Amino acid sequence: MNSSAYAAFCSLRDPVSAMQILYKDGYQYRSIVATVTEQDRVAVKDKLPFTIHQSEVNKHTLYVLYKDRKAAGFLQARSEWAKWGLVEIAWAINLDRSLKGFYFQRCRSPECNDSVVQDINKQLHNKNFAQLKSLLTLDGEALSEVGKNTFSTYPTLALLVLRSALKTLAITDISWAKYITKIESDN
Amino acid sequence: MKKSYPTWTVFSTRCLLSFPLFVFANTALAEFLGENSRVSIDISSRVSSNLDTQDHAFMHVLGIDIHKVFSSETGDIGTLILQPYIVKLNNVKKPHFIFDDGNDTKLTWRIANFNYTALNQGKFNIRLGHFEVPFGLEYQLDTNGTLHQLTTEQRGIKTDWGLSLNGIMPSFEYEVALTQGSGAEISNNSDSHLFSGRIGTLSTKNIVTGFSWLSGDILAANGVIEQKKVALDLSYYYYQWRFMAESSIGKRAGNNTANGFAEVMWRTPKENLSVYTQLRYQRAEIDHNVSSESSSTSNWVAGVQWMSDHGFDVSAQYKHKLKEAKNQSIEPILSVQLRYRM
């Protein structure tokens, strides 16, 4: 996003804390750097009523987590704009592209504390793209009735997290398609 | 009669004319490096003006930033970062000692290291090469190539050549380094060396604290200077605000020293505009062998940085004295920098 898209590469850090918390011990990770193109950005719009920001048309990393030399899942960090600044969320994704969970790599609001993360994670765990989409209104700008009932305590933060989750799942399938196909066939 | 142009005009014009070449070089280099690589060209020009004497010093920088992750079939092996930069000085009154004079041009390595990460899920890595000395607040943030600096000036060394052990554990981060003490250049001077480290809480949280130390003989303009230092640093993030402080005590060439630093920064929600102000305090014994008499200096800094969506970065900073020592004047310096990364 804006502040990080042109940051020097020495500031790039692997989301190690997120991997340790979301995947625990015994996992190895492999980076796959892919270019997210303008066409990919348009393709996200076909799947969702919103898409990624233009400044995200750039190189990004998808981490593949391995256990006992077998692929066990993915992890991708994404930035979202909030009214208090950039929020960076690391998403753990199961091999079937349902959500395993998330970790705030950066969220400068005191609301983003461990108990909130735990609550939202509980609701998102193992949900797939269609199930997540149903938690938003058709235009994707608000929580649906189901979404409001699910996230009655932190609706604003939940909306931000949900939109991030959907964009992450969509862009993962689009920009890393050829790598994911190979990983699935190797497993 | 031959017309002469200011150096910055010549440099900027050359950079603009070379733009297609840079784009081509950028793409070609990324192709050459293969999968999992990133390449960026980094250009900047800076003017620093002494408002008392009206002296204007220029620094023009052109560099390549390379990032490549080496992987096996089931895991990353390590990350290579190479940042060679050509630095051209113009009319600089007190250049860093690696430059021959205030109009020198030199190839420097900002960062150049390989971090071996295959051992234990990022918990225990081995870094070899040229990297930032793990000490204080500066370690958490990337301030390379920016006007915005933290406490490096107090130590006289920002990066160094050597070896480090580093990693991120579930509740803390660490880096411990054994380096040459020579700073920007690989030194043949066997007298210099540096042992440094920082252990801190996770930098992903909104409250981050760390303990740092360094001990060794650091290469300076007139030979090596013995330094020992310990520091505590604290960062607190609250919505668009960032508060940071660092306090250190130690010895420099046998004289007791104490340093303090505090910064407040505010950013717009999109983080493309930031403003900050800093306070710096330094106390040092004048000559420990003669008496325990000490002198202190302090100054404040205010800065602003704007980043565009397209890689441009414009920043300005002003530094002014609060208190200066007899033999150490603090000049009012206004700096402006234009930077572009592609």
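Taking each residue of segment B:304-316 that is within 9 Å of chain A (Cβ to nearest Cβ) and looking for partners that are among the hydroxyl-bearing types (Ser, Thr, Tyr) and assigned to a strand (DSSP E or B) with beta-carbon atoms closer than 6 Å, six or more apart or interchain, yields B:Gly311/B:Tyr340; B:Phe312/B:Tyr340.
Of all residues in segment A:50-74, those satisfying the criterion of being in a loop (DSSP other than H, G, I, E, B) and of a type in the set (D, E, K, R) are A:Asp68, A:Arg69.
Among the residues of segment A:33-42, those identified as more than 9 Å from chain B (Cβ to nearest Cβ) and not in a loop (DSSP other than H, G, I, E, B) are A:Ala34, A:Thr35, A:Glu38, A:Gln39, A:Asp40, A:Arg41, A:Val42.
Among the numbered conditions (1) more than 14 Å from chain A (Cβ to nearest Cβ); (2) within 19 Å of the chain's Cα centre (by Cα); (3) at pLDDT 95 or above, the only one that B:Gly183 does not meet is (3). Here the helices (runs of 4 or more DSSP H) wholly within segment A:83-187 that include at least 1 residues being within 30 Å of B:Thr74 (Cα to Cα) are A:114-124, A:129-133, A:155-175, A:177-186.
For segment B:104-136, a residue qualifies if it is charged (D, E, K, R) and out of contact with any helix residue (DSSP H, G or I) (no Cβ under 9 Å at 6 or more places or on another chain), and the qualifying residues are B:Asp104, B:Lys106, B:Arg127.
Selection within segment A:67-110: residues that are within 12 Å of chain B (Cβ to nearest Cβ), out of contact with any strand residue (DSSP E or B) (no Cβ under 6 Å at 6 or more places or on another chain) and over 24 Å from B:Leu273 (Cβ atoms). The member of this set that is surrounded by the most Cβ atoms within 10 Å (Cβ to Cβ) is A:Lys67.
Within segment A:1-25, being within 8 Å of another protein chain (Cβ to nearest Cβ), under 23 Å from B:Ser171 (Cα atoms) and outside any helix (DSSP H, G or I) holds for A:Leu12, A:Asp14, A:Asp25. Looking only at residues of segment A:33-55 that are under 16 Å from the mean Cα position of the chain (by Cα) and open to solvent by less than 20 Å² (accessible area, probe 1.4 Å), we find that the one that is modelled with the lowest pLDDT is A:Ile52. Residues that are aliphatic (A, V, I, L, M) and open to solvent by 60 Å² or more (accessible area, probe 1.4 Å) within segment B:156-204 comprise B:Leu163, B:Leu165, B:Leu178, B:Ile186, B:Ile199, listed in sequence order.
Would you check if there is a residue in segment B:117-133 being in contact with a His (Cβ under 8 Å, 6 or more places away or on another chain) and not in a loop (DSSP other than H, G, I, E, B)? Looking through segment B:117-133, none of the residues is in contact with a His (Cβ under 8 Å, 6 or more places away or on another chain) and not in a loop (DSSP other than H, G, I, E, B). Taking the stated definitions as given, is A:Arg30 buried (at least 20 other Cβ atoms within 10 Å of the Cβ), of a type in the set (Lys, Arg) and not in a loop (DSSP other than H, G, I, E, B)? For A:Arg30, the condition - buried (at least 20 other Cβ atoms within 10 Å of the Cβ), of a type in the set (Lys, Arg) and not in a loop (DSSP other than H, G, I, E, B) - is met. Suppose the filter is among the charged types (D, E, K, R) and either touching a Lys or Arg at 6+ places or on another chain (Cβ under 9 Å) or within 30 Å of B:His310 (Cβ to Cβ) (or both); does A:Glu111 pass it? Answer is no for this residue. Of the residues making up segment B:315-335, those that are within 19 Å of the chain's Cα centre (by Cα) and open to solvent by less than 60 Å² (accessible area, probe 1.4 Å) are B:Ser315, B:Ala316, B:Gln317, B:Tyr318, B:Lys319, B:Ile333, B:Ser335.
Within segment B:161-180, the set of residues being within 14 Å of chain A (Cβ to nearest Cβ) and part of a strand (DSSP E or B) comprises B:Ser164, B:Asn166, B:Gly167, B:Ile168, B:Glu173, B:Tyr174, B:Glu175. Contact map, segment A:123-142: first residue basic (Lys, Arg), second residue surrounded by 14 or more Cβ atoms within 10 Å (Cβ to Cβ) and modelled with pLDDT of 95 or more, Cβ cut-off under 7 Å, separation 6 or more or different chains; pairs are A:Lys127/A:Ser98; A:Lys127/A:Leu99; A:Lys133/A:Leu166.
Of all the listed residues (A:Lys45, A:Lys59), the sole one being without any contact (Cβ under 8 Å) to a residue 60 or more places away in the chain and more than 9 Å from chain B (Cβ to nearest Cβ) is A:Lys45.
Any idea which residue in segment B:42-74 is most open to solvent (accessible area, probe 1.4 Å), counting only those that are more than 22 Å from the chain's Cα centre (by Cα) and facing chain A (nearest Cβ under 10 Å)? Here the answer is B:Glu73. Filtering A:Thr150, A:Thr172 for residues that are farther than 30 Å from B:Leu273 by Cβ, of a type in the set (Val, Ile, Thr) and without any contact (Cβ under 8 Å) to a residue 40 or more places away in the chain leaves a single hit, A:Thr150.
The one condition from (1) more than 14 Å from chain A (Cβ to nearest Cβ); (2) closer than 24 Å to B:Asp160 by Cβ that B:Met244 does not meet is (1). Considering only residues in segment B:205-239 that are of a type in the set (Phe, Trp, Tyr) and open to solvent by less than 60 Å² (accessible area, probe 1.4 Å), the one that is nearest to the other protein chains (Cβ to nearest Cβ) turns out to be B:Tyr237.
The values are calculated or read from the model by the stated rules, or taken from the named source; none is laboratory data. Just so you know, these numbers come straight off a predicted model, no measurement behind them. Methodologically, a virtual Cβ is constructed for each residue, glycine included, from the backbone with ideal geometry; neighbour enumeration extends over all protein chains shown. With ligands, DNA and RNA removed, areas are computed over all heavy atoms of the protein, side chains included. Shrake-Rupley method; radii C 1.70, N 1.55, O 1.52, S 1.80 Å.
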